[in-house]
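Here the structure is laid out as structure tokens; the discussion comes afterwards.
The values are calculated or read from the model by the stated rules, or taken from the named source; none is laboratory data. Keep in mind that what you see is a predicted model, and the values were worked out from it rather than measured. With ideal geometry, Cβ positions are generated from the backbone for all residues, glycine too; neighbour counts draw on all protein chains shown.
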Amino acid sequence: KRVVYLTRHGQSEYNKLKKIGGNPGLTDLGTAYARWLGESFVRREGIDSTPSRLWTSSMRRTIETARYLPHPLLELSSGRSWHQMQHRVYRNLDELFAGDYEGMTYDQIMAENPDEGGLRKFDKLGYRYPRGESYLDLIARIDPLITELESYEEPLLVVSHQATLRVVYAYLTRTLRADAPKIDLPLHTVIKLEWDEGAASTPAETRYR
Ligand code: F6P
């Protein structure tokens, strides 16, 4: 069985203000989620007692969300030791870069440039923010990580962002990429995807919150 857990970071200062992008820290609510994840969820799932992997983006809000996850050194029967959970920071997992519109709300963007919102609605997958990224750009930068992910045997927890996780989720569940930008991924929810090694079936999905 392969197991991948996907979660967005806890609520950030920008989520509260409905601003996009930036590199804000967590609110108190977001920190409470980080505690639940690190102190209760991984224990309940038993991934605090087996070698497992953790990926975060390079942004403050995902690193803060991973802060309470267990990290003792495990001695394996093979004589090797393994940091629990083995953590990698990937810039490829950073949130969709909104270019000139970083730090603005959707309402401010619409007020400043009404055409822009319309364009994005028309083609959310291909729409590229001025001096920023599109979902197609995200797919390209996340692609190498999928190969990496597929080579793992250990459970993997990915703490990332709304747009990037939509892309990862779409890959793993074989969702059409045109539908990826619309996938519902609420805050403070862990999605567990499980599938049999080598099976071409769609993974079983459970959501915890
Ligand atoms: O609002 C949070 C956020 O992560 C933004 O930083 C990002 O631009 C957005 O979600 C992506 O979602 P959508 O593509 O639906 O705007």
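Can you name the residue in region 4-55 that is in contact with a Ser or Thr (Cβ under 9 Å, 6 or more places away or on another chain) and of a type in the set (Val, Ile, Thr) and is also farthest from the ligand (Cβ to nearest atom) among such residues? Ranking the candidates gives Val42 first. Sub-7 Å Cβ pairs linking a first residue in region 108-123 that is modelled with pLDDT under 90 to a second residue that is among the aliphatic types (A, V, I, L, M), at least 6 apart or interchain, are Glu116/Ile109; Gly117/Ile109; Gly117/Met110, ordered by first then second residue.
The single condition from (1) of a type in the set (Gly, Ala, Ser); (2) under 20 Å from Leu187 (Cα atoms); (3) more than 15 Å from the ligand (Cβ to nearest atom) that Ala111 fails is (2). The set of residues in region 83-108 that are surrounded by fewer than 17 Cβ atoms within 10 Å (Cβ to Cβ) and in contact with a Ser or Thr (Cβ under 9 Å, 6 or more places away or on another chain) comprises Gln86, His87, Arg88, Val89, Arg91. Residues in region 114-147 that are more than 10 Å from the ligand (Cβ to nearest atom), of a type outside the set (A, V, I, L, M) and surrounded by 14 or more Cβ atoms within 10 Å (Cβ to Cβ): Glu116, Gly117, Asp123, Gly126, Arg128, Asp137, Arg141. Every condition in (1) in contact with a Pro (Cβ under 8 Å, 6 or more places away or on another chain); (2) surrounded by 17 or more Cβ atoms within 10 Å (Cβ to Cβ); (3) outside any helix (DSSP H, G or I) holds for Thr50 except the one numbered (2).
Just one of the listed residues (Tyr152, Tyr171) is more than 13 Å from the ligand (Cβ to nearest atom), not in a loop (DSSP other than H, G, I, E, B) and not small (Gly, Ala, Ser), namely Tyr171. Residues in region 1-25 that are in a loop (DSSP other than H, G, I, E, B) and touching a residue at least 60 places away in the same chain (Cβ under 8 Å) were compared, and the one that is surrounded by the most Cβ atoms within 10 Å (Cβ to Cβ) is His9.
Val158 falls short on exactly one of the conditions (1) more than 12 Å from the ligand (Cβ to nearest atom); (2) under 30 Å from Trp82 (Cα atoms); (3) part of a helix (DSSP H, G or I); (4) at pLDDT 95 or above, and that condition is (3).
Report yes if some residue within region 97-118 is in contact with a helix residue (DSSP H, G or I) (Cβ under 6 Å, 6 or more places away or on another chain) and within 26 Å of Ile146 (Cβ to Cβ); otherwise report no. No, region 97-118 has no match at all.
The criterion of being in contact with a Pro (Cβ under 8 Å, 6 or more places away or on another chain), under 21 Å from Thr50 (Cβ atoms) and at pLDDT 95 or above holds for Leu193.
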